[in-house]
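One structure is given below, encoded as structure tokens.
Coordinate-derived values only; no laboratory data. No experiment lies behind these values; they were computed from the predicted model shown. All Cβ positions, glycine included, derive from the backbone under ideal geometry; neighbour counts span all protein chains shown.
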Amino acid sequence: MILDIKFIVLSSLLIAAIIPLYIYREKVFAFAYRKGDIEPFLDLVKNHMKKEHPLVPINYAIVEKTADEKDIRVRETIIVEDIVSQYFNYEYEKQTQGSVSKDKLWTGYDEKSVHNVKMPSDWVQRKELAWARDNQKCNRCAKTVSLKNSISIFVKDIEDGAGYNIENIITLCEDCNRVLNSKNPRNTMANLELMDRLMKYVES
Ligand SMILES: [Zn+2]
């Protein structure tokens, strides 16, 4: 069979045009091929969670579940959202906290510990004492917090007649406090500092 010369030329041109497209397909179709190694991202995220929120156990099953996702940025974003959701849903129960030795207390401590709708005048001292007792860590996730950024909450609510004794005070980080007070989970998750921090690891 003799092939028509026009056919041969056109086919060759077509193939010549397709070959570079094939070789550089990941660049040409970058929107569909943001492939990459997921491991460096996973290392960063896992280290972050272990270091910053060691009390919250994270299940990384989502990594396998998203293995077919072509776009690495989409995949990493789904992984971040899953981790934040696990952090949000981590069960936490407020429990009566430990006492401190008497020598760390001050004159008037006992009198001002009793129930009162108004905060006691030594509240700042109480907050700092609870924070020091908690080793400067959030009681829910164990993140290290500065005194300034720490949030103090009560095991039993003052409105329910509880007092300001040190055993009734819990130290939290800002994110955990937001989680415990959340009225709209989706909104809260999107606004957590954790979401911002983890999204910074997503490849840009
Ligand atoms: Zn926390």
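Observations on the structure shown:
- The chain - mean residue ellipticity at 222 nm from DSSP helices (-39,500 (n - 2.57) per run, n ≥ 4, rounded to 500): -14000 deg cm²/dmol
- Here the chain is treated as a Stokes sphere of Kirkwood radius computed over C-alpha pairs; at 37 °C and 0.692 mPa s its diffusion coefficient rounds to 155 µm²/s.
- Residues 101, 85, 146 arranged by fewest to most Cβ contacts within 10 Å: 101, 146, 85
- Take the Cβ atoms of residue 114 and residue 136, set R0 to 41 Å, and the FRET efficiency comes out at 0.90.
- Distant-in-sequence amide H partners of residue 137 (H built 1.01 Å from N, under 5 Å): 145
- Residues residue 183 and residue 96, FRET efficiency given R0 of 30 Å [Cβ-Cβ distance, rounded to 0.05]: 0.70
- Flagged links, alpha-carbon separation over 25 Å, of 46/143; 50/104; 112/156; 65/143; 50/156; 51/104: 50/104; 65/143; 50/156; 51/104
- Residue among 82, 110, 71 with the largest mean-square fluctuation in a Gaussian network model of the chain, springs linking Cα atoms under 10 Å: 110
- Measuring nothing but alpha carbons in segment 102-180 and taking Rh as the Kirkwood radius, the Rg to Rh ratio lands at 0.96.
- For segment 133-204, size of Cβ-based charge dipole, Lys and Arg +1, Asp and Glu -1, in debye: 180
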